[in-house]
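Novice: Can you read through this structure? Questions will come right after.
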Amino acid sequence: MSAPQYRITLLPGDGIGPEIMAVAVDVLKTVGRQLNIGFEFVEALIGGAAIDATGVPLPEDTLEKCRQSDAVLLAAIGGYKWDTLPSHLRPEAGLLGLRSGLKLFANLRPAQIFPQLIDASPLKREVVEGVDIMVVRELTGGIYFGQPKGIFATETGERRGVNTMAYTESEIDRIGRVAFETARKRRGKLCSVDKANVLEVSQLWRDRITKLAAEYPDIELSHLYVDNTAMQLVRNPKQFDTIVTGNLFGDILSDEAAMLTGSIGMLPSASLGSSGLGVFEPVHGSAPDIAGQDKANPLAQVLSAAMMLRYGLQQPAAADKIERAVSQVLERGDRTGDIMSANTNLVGCRAMGDALIEVLEGK
Ligand code: NAD
């Protein structure tokens, strides 16, 4: 069988973006060589870097390169320099344009505790030890986009703010399918989160997810109200494997779940569309305060590359290899400043990259 060959568009963006991206690319090249997976890397501009070069945060050329690739690996965008531009010309507009341009509707946010970093969690060791959760959030529907929306004058002259939480059956089914497939790649448990005791939109959500379950008899499905989920995530987070929910609930719960880990420099994410093309990026921003100083933690970026292999390119063995390497460097005691604790070695971004290559090569 000939070696698989993938075209990856790299969007290093701003701030620490280029530094952490360089580490992720080195790791991908090493794993690709070891497992006979070919990568062709194509770089493109986004965010502030694109504004400086072309005047807009998402040049058409960038979107086109992304569309023609098998996956997109993004670092981060933004910085003080562009903060005063009008909102449609700010770096963030590049990110939103990318998501809508590629029709990305599913956001996957893992919250996994590395045993070596348990002390960074705000919760007790016995509560968080072994936590490994994936929140699958619907990204393009629900109350953020439902119509009508706006602030309207009433007959009494008082103003009334309106947003509408709405989901069609097909919107629920497509995010549901991503969630069932995701649970299948994990421990086979899916918890659907809604507010079906109060909201009709949630009753439809629950009805469709329950019907979909017939197509996935190997997945154990449960349902939970969102208020209870918020409690359970801090009371007993280990009960969760994969969670699927709508845009608003997912926005809140994915941040809550992420905080269980306590370290932003370790959190990857994925946004997927129906064509199979996805964007993989760290949860953190461009950290302009430490940019260019070789202080950034590249591990969220490296773990984003692992997510790309698992959820974008269907190469789970390569993803496993990278995730194991991250665990091994932490085991060696190597830490960037953001995850430093007593009796560990402080390393910079580049040295963390070197350490990853060393463990991958078995040195
Ligand atoms: P941030 O995530 O960039 O930084 C928050 C804090 O965490 C900073 O002290 C930073 O030094 C630290 N940090 C973040 N990532 C780190 C890493 N990998 N290693 C070590 N330390 C790390 O958030 P912010 O300061 O609110 O925003 C900075 C810029 O990033 C802004 O322009 C914002 O708009 C942008 N931003 C972009 C994204 C994205 O690209 N998806 C997300 C959030 C913020």
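Novice: Going by the structure shown, is GLU181 open to solvent by 70 Å² or more (accessible area, probe 1.4 Å) and in contact with a helix residue (DSSP H, G or I) (Cβ under 6 Å, 6 or more places away or on another chain)?
Specialist: Criteria not met by GLU181.
Novice: Also, I was wondering about something else. Which of the numbered conditions does VAL131 fail, given that it passes all the others? Conditions: (1) open to solvent by 50 Å² or more (accessible area, probe 1.4 Å); (2) more than 30 Å from ASP83 (Cα to Cα); (3) under 19 Å from the mean Cα position of the chain (by Cα).
Specialist: For VAL131, the exception is condition (1).
Novice: Let me ask another. Report whether or not PRO122 is surrounded by fewer than 12 Cβ atoms within 10 Å (Cβ to Cβ) and either under 23 Å from the mean Cα position of the chain (by Cα) or not assigned by TED's automatic domain parsing to the domain that holds ASN247 (or both).
Specialist: Here the answer is yes, as PRO122 does meet what is asked.
Novice: Within segment 279-302, count every residue that is surrounded by fewer than 24 Cβ atoms within 10 Å (Cβ to Cβ), within 13 Å of the chain's Cα centre (by Cα) and either more than 6 Å from the ligand (Cβ to nearest atom) or without any contact (Cβ under 8 Å) to a residue 60 or more places away in the chain (or both).
Specialist: 1
Novice: Continuing with the same structure: I need a count of the residues in segment 232-262 that are part of a loop (DSSP other than H, G, I, E, B), open to solvent by less than 50 Å² (accessible area, probe 1.4 Å) and not acidic (Asp, Glu).
Specialist: Within segment 232-262, residues that are part of a loop (DSSP other than H, G, I, E, B), open to solvent by less than 50 Å² (accessible area, probe 1.4 Å) and not acidic (Asp, Glu) number 5.
Novice: Hey, among GLY276, GLY353, GLY362, which residue is more than 13 Å from the chain's Cα centre (by Cα), within 14 Å of the ligand (Cβ to nearest atom) and not β-branched (Val, Ile, Thr)?
Specialist: Result: GLY353 is the single residue among GLY276, GLY353, GLY362 that is more than 13 Å from the chain's Cα centre (by Cα), within 14 Å of the ligand (Cβ to nearest atom) and not β-branched (Val, Ile, Thr).
Novice: Then there is this: With respect to GLY157, determine if the residue is without any contact (Cβ under 8 Å) to a residue 40 or more places away in the chain and assigned to a strand (DSSP E or B).
Specialist: Taking the combined requirement at face value, the residue does not satisfy it.
Novice: Just to be sure I understand the filter: pairs with C-beta atoms under 8 Å, separated by 6 or more residues or on different chains, first member in segment 328-347 and in a loop (DSSP other than H, G, I, E, B), second member more than 14 Å from the ligand (Cβ to nearest atom) and modelled with pLDDT under 90. Which pairs pass?
Specialist: Close Cβ pairs satisfying both conditions: GLY333/ASN343; SER341/ASP119.
Novice: Looking only at residues in segment 324-340 that are under 20 Å from the mean Cα position of the chain (by Cα) and open to solvent by 60 Å² or more (accessible area, probe 1.4 Å), which one is farthest from the ligand (Cβ to nearest atom)?
Specialist: It comes out as ARG324.
Novice: Here is a list of conditions, (1) assigned by TED's automatic domain parsing to the domain that holds PHE240; (2) open to solvent by 20 Å² or more (accessible area, probe 1.4 Å), and GLY141 meets all of them except one; can you say which number that is?
Specialist: For GLY141, the exception is condition (2).
Novice: Looking at segment 202-219, can you tell me whether even one residue there is within 19 Å of PRO110 (Cα to Cα) and touching a strand residue (DSSP E or B) at 6+ places or on another chain (Cβ under 7 Å)?
Specialist: yes
Novice: Follow-up. Could you pull out the residue among VAL178, VAL201, VAL162 that is farther than 22 Å from TYR311 by Cα, of a type in the set (A, V, I, L, M) and either part of a loop (DSSP other than H, G, I, E, B) or under 27 Å from the mean Cα position of the chain (by Cα) (or both)?
Specialist: The match here is VAL201.
Novice: Do we have THR30 as within 24 Å of ALA355 (Cα to Cα) and of a type in the set (Ser, Thr, Tyr) here?
Specialist: For THR30, the condition - within 24 Å of ALA355 (Cα to Cα) and of a type in the set (Ser, Thr, Tyr) - is met.
Novice: Of the residues ALA71, ALA24, ALA53, ALA49, which is under 30 Å from ALA179 (Cα atoms) and either touching a Gly at 6+ places or on another chain (Cβ under 8 Å) or more than 16 Å from the ligand (Cβ to nearest atom) (or both)?
Specialist: ALA71
Novice: Pairs only if they're at least six apart or on different chains, beta carbon under 7 angstrom, first in segment 246-261 and in the same structural domain as ILE118 (by TED's automatic domain parsing), second part of a helix (DSSP H, G or I) and among the hydroxyl-bearing types (Ser, Thr, Tyr); list them, first residue then second.
Specialist: Cβ pairs passing all conditions: ASN247/TYR144; LEU248/TYR144; LEU253/THR229.
Novice: Only one of VAL23, VAL27, VAL42 is assigned to a helix (DSSP H, G or I), out of contact with any Cys (no Cβ under 8 Å at 6 or more places or on another chain) and closer than 27 Å to CYS349 by Cα. Can you tell me which?
Specialist: Just one listed residue meets the conditions, VAL27.
Novice: Taking the condition more than 10 Å from the ligand (Cβ to nearest atom) and touching a residue at least 24 places away in the same chain (Cβ under 8 Å), does LEU267 pass?
Specialist: Criteria not met by LEU267.
Novice: Could you figure out which of (1) touching a helix residue (DSSP H, G or I) at 6+ places or on another chain (Cβ under 7 Å); (2) among the hydrophobic types (A, V, I, L, M, F, W, C); (3) closer than 18 Å to SER274 by Cα isn't true of LEU221?
Specialist: (3)
Novice: Also, I was wondering about something else. Taking the options LEU74, LEU58, LEU98, LEU63, name whichever one is touching a helix residue (DSSP H, G or I) at 6+ places or on another chain (Cβ under 6 Å), crowded, with 24+ Cβ neighbours inside 10 Å and assigned by TED's automatic domain parsing to the domain that holds ASP289.
Specialist: Sole residue among the options that is touching a helix residue (DSSP H, G or I) at 6+ places or on another chain (Cβ under 6 Å), crowded, with 24+ Cβ neighbours inside 10 Å and assigned by TED's automatic domain parsing to the domain that holds ASP289: LEU58.
The values are calculated or read from the model by the stated rules, or taken from the named source; none is laboratory data. This is a predicted model, so every value here is computed, not measured. Cβ sites come from the backbone with ideal geometry, for glycine too, and all protein chains shown count toward neighbours. Side chains included, ligands, DNA and RNA excluded: accessible areas come from the protein's heavy atoms. Shrake-Rupley method; radii C 1.70, N 1.55, O 1.52, S 1.80 Å.
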